[in-house]
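Input: a single structure, listed below in structure tokens.
The values are calculated or read from the model by the stated rules, or taken from the named source; none is laboratory data. Just so we're clear, the structure is a prediction, and the values are computed from it rather than from any experiment. So basically every Cβ, Gly included, is an ideal-geometry build from the backbone, and we count neighbours across all protein chains shown. Each accessible area value is taken on the protein alone, full model and side chains, heavy atoms only, with ligands, DNA and RNA left out. Shrake-Rupley method; radii C 1.70, N 1.55, O 1.52, S 1.80 Å.
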Amino acid sequence: FAADLVLKRYNKVCTLAGSIADKTSDETIHELRIQCKKLRYLIESAQPLFDVKQVKRLLKTLKGLQEHLGSFNDQSVQQVTLAQCLERYPSTAPNAKALAESIGALTAMLYRKQLEERRMIIENLSRFYSPDTQDAFNSLFALKNKATKQANTQVDS
């Protein structure tokens, strides 16, 4: 059962990951982050059922991707928050121009960092849903699932 759940979640992540490109919306990348979290928690909760070394290797790849997804999301949220601060501050206030310039500079810096994180996400995704990683997921979780089904069939006989 756990193997089925892991493979289904991994396939869902791969499908979403395949749609990520340079112009993908922040919301879609955030959704990928959420799906990766779900996958990681699922694998970690089922970890005792599977080969520890193989699971750790897959989790390491997943954690690397999650690190970039989290950083990307943080920068996205910070940019929105800065824009909201600017909207709430009266443009007639004494320091309005200095505040706008400061927020503009911070937003530009966050945007540049976010673009770099997007590049790293795409790079990590190519590893995460590469044929090697797909084979590792399938061999670890599909074989375990197949062995369990065979054992259950023999018990039923």
Study note, to complete from the structure: The residue from 86, 82, 69 that alone is in a helix (DSSP H, G or I) and within 17 Å of residue 27 (Cβ to Cβ) is 69
Study note, to complete from the structure: Going through (1) exposed (fewer than 15 other Cβ atoms within 10 Å of the Cβ); (2) under 17 Å from the mean Cα position of the chain (by Cα); (3) over 23 Å from residue 118 (Cβ atoms) one by one, residue 38 fails only at (3)
Exercise for review: Considering each of 82, 69, 86, 110 in turn, give the residue that is farther than 15 Å from residue 10 by Cβ, surrounded by 15 or more Cβ atoms within 10 Å (Cβ to Cβ), at pLDDT below 90 and not aromatic (Phe, Trp, Tyr).
Suggested key: 86
Review point. Which members of segment 50-97 meet the condition of being in contact (Cβ under 8 Å) with a residue 24 or more places away in the chain and hydrophobic (A, V, I, L, M, F, W, C)?
Key: 50, 55, 58, 62, 65, 69, 72, 82, 83
**Study point:** All positions within segment 113-134 that are in contact (Cβ under 8 Å) with a residue 60 or more places away in the chain and open to solvent by 80 Å² or more (accessible area, probe 1.4 Å)
**Key:** 127
Review point. Just one of the numbered conditions (1) in contact (Cβ under 8 Å) with a residue 40 or more places away in the chain; (2) charged (D, E, K, R); (3) part of a helix (DSSP H, G or I) is not true of residue 22; which one?
Key: (3)
Study note, to complete from the structure: Expected single match for closer than 19 Å to residue 70 by Cβ and in a helix (DSSP H, G or I) among 99, 110 is 110
**Study point:** segment 73-90, residues that are more than 11 Å from residue 103 (Cα to Cα) and in contact with a helix residue (DSSP H, G or I) (Cβ under 8 Å, 6 or more places away or on another chain)
**Key:** 73, 75, 76, 89, 90
Practice item. Output the residues belonging to segment 25-35 that are without any contact (Cβ under 8 Å) to a residue 40 or more places away in the chain and open to solvent by 60 Å² or more (accessible area, probe 1.4 Å). Key: 27, 31
